[in-house]
Structure formats: structure tokens, C-alpha cells
1. Check whether at least one residue in the range 94-103 is acidic (D, E), touching a helix residue (DSSP H, G or I) at 6+ places or on another chain (Cβ under 9 Å) and outside the structural domain of M295 (by TED's automatic domain parsing), and report yes or no.
2. Would you say F189 is aromatic (F, W, Y) and either within 17 Å of I36 (Cα to Cα) or in the same structural domain as I38 (by TED's automatic domain parsing) (or both)?
3. Sort out which residues of the range 1-41 are modelled with pLDDT of 70 or more and among the basic types (K, R), and write them in order of number.
4. Just one of R83, R142 is assigned by TED's automatic domain parsing to the domain that holds E41 and surrounded by 16 or more Cβ atoms within 10 Å (Cβ to Cβ); which is it?
5. Quick one: count up the residues across the range 63-90 that are in contact (Cβ under 8 Å) with a residue 40 or more places away in the chain, not charged (D, E, K, R) and not in a loop (DSSP other than H, G, I, E, B).
6. If you check D134 against the conditions, is it of a type in the set (D, E) and at pLDDT 90 or above?
7. Of the numbered conditions (1) surrounded by 14 or more Cβ atoms within 10 Å (Cβ to Cβ); (2) at negative phi; (3) modelled with pLDDT of 85 or more, G44 fails exactly one; give the number of that condition.
8. Would you mind stating whether Y201 is in contact with a His (Cβ under 8 Å, 6 or more places away or on another chain), in contact (Cβ under 8 Å) with a residue 40 or more places away in the chain and of a type in the set (S, T, Y)?
Amino acid sequence: MVMHDLYFKRQKQLRGEYPDIYQYEELPETLKIQIIHIWNETIGEDSVYNNRRSNSLNREYLQKCHNILCKELGVFKLNRDDRDNEMHILYFKSISLYFLKESDIEKILSVIELMLKIIHSFIKRHNNTIKITDVISELNQRFREHGVGYQYESDQIVRVDSEFIHAEAVKPALQLLSNPMYKGAQEEFLKAHEHYRHSRYDAALTDCLKSFESTMKIIIHKRSWVCDKNATSKRLVDCCLANELIPKFWTDQFNSLSNILTSSIGTPRNKLSGHGKGNDEIEVPEHLIQYVLHMTASTIVFLIKAEESLD
């Protein structure tokens, strides 16, 4: 996928008009149209006149996307003017029109996420001239270009709060966790981001801790180290320290590592989300979950890289 460095873009950059701070509440219409162009360049529009197989290759994929959206949204039609007879529905047009008119950010992002998965399935089977990595790269670049704080990573939309932290911590963590060995930890880390995107901060804290603990448990199991399978995060950290996941000659410098990990990940979860709230509703502040998410990502990267260095 090619993004062209046109004159007007260069001038906007020179004037500093591209946003430095992300927003999360809406997608500009220009961005929506650019995303529809991406869809058109990858899966293309369908036709109801599909007597020839070559004209119908994309239609079953677009129909699947359309039907999933209708079912999950609880509607029979995405748009009032859509034909009642599915044989006459232009699915690409229907999805695009719904996408353009929808204002709910969560529904908009759901369409983007689902369409990208459908496109991935389509090009993997029918169009090997397009690389899904290029499609994802352009989509993410479009998000950044418009100052919209979301990225598509590991088959789902995740929220981005700092481009630097995302590039240096979150993205490397997702790449390392993509190893099938870490599947459980990856699912928990992605769940934490999903909860965060929907402002379910207490649930996000819980899944941060689960992912952190799962990563250590997987490493401990892989190395056949002795540790209680029901060990808490503190005891898991102690086990990793005892087995020189951190080299002995760094022990003094890293004496505080256990405290850092358990206080920045385990303790907030234990105090704020892991136990009953009783009559006092405890509100988890957004800045805390941002910090814990980023600390979790950085810690996962450290643990996996340290384990790899033992070989």
C-alpha cells in the first residue's frame, strides 16, 4: 500500500498543523473516506451480477462482514435504504454507508477491526500480490496522521496514549507475545487493552496482572524451575530472581525490581480491583491504568528478552 507525500501534506507538516496530541472520541470524515479507499484497494466492491465466478470472489467475504455487523448490532439492515432481498444488496456499499454515517466511536472501530480481518482472509486466499502488513501499516499511519489515538495490533484495535511508549514498549511486547508459547499471556494483555479502551479500568488492572504472572509462569515452566503453580506475583518474581533470570552480579542493582514490579502492577490491582469493593465504590483513575499498562508491557519485554539471553 502506497501513501503519497503530496505537496499539501508537506506544507501542513512545515506549518506544524499535524496534531501532537491524540483524540479518541471521533474519526474525521476525511479519515473514514481514506479507510474506505483502503478497503476498495484490497477487497473491492461487490456486484449482484455475479454469473461469473471472477466477479463473486469478494462477495461472500463482504456478505459475511455485513451479516456479522447486522447480528451484533441487533438490526436487520445496516441502512434504511438497503434492499430487503440479499440478492440485491451491494455489501461493500452498505458497509461503507453505515461506516460513514455512524458517530459512535466504538461501533466505528468495530467496523474497521472486522473489515481488516475479513480483508486479511480474502487476500490470503485470493490476492497474494497484497501484503496484509502493508495494509495495516497504512491504516495505522492514517490514524497517526489524523491524531486519532488508536492502532491495529495483533488482530485488534488498541488505544495509544504515547507514540513513543507504544513503539518502545507496547508494540515490542505484542511482538514477543505473538510466540505461540505465550498465547495465554498475549490474550490477557490484549484483554487489558480492550478493557482500557472501554474504560473498564478495574478489569484492565486485573488482566495486566494476569498477563504479567502468566509470562513468568511460562518462563518458569519452560526452564523447569521449582515454583508453586499457585504462586502470587511476588513469589514468581522471587523465583525468577533465584534462578538468575537477572544475573547475580546485577542483584544489588536490581534489589528493587521485585518491589517495582509488584507495586506498579500487583499492588494497584490488589487494592483497587482484585477484591470486593463493599459499599465504597473505588474509582480507578485513568492515569494509573495508563501507567500500569505501560509498565506491564515494559516488564514483559524485559522478562522475555532476559529469558532468551539465558541460552
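1. Yes, the conditions are met somewhere in the range 94-103.
2. No.
3. Answer for the range 1-41, where residues must be modelled with pLDDT of 70 or more and among the basic types (K, R): just K32.
4. R142 is the lone residue from the list that is assigned by TED's automatic domain parsing to the domain that holds E41 and surrounded by 16 or more Cβ atoms within 10 Å (Cβ to Cβ).
5. 4
6. Yes.
7. (2) is the only condition that G44 fails.
8. Taking the combined requirement at face value, the residue satisfies it.
The values are calculated or read from the model by the stated rules, or taken from the named source; none is laboratory data. Keep in mind that what you see is a predicted model, and the values were worked out from it rather than measured. Reconstructed Cβ throughout: ideal geometry from the backbone, glycine too, with neighbour counts over all protein chains shown.
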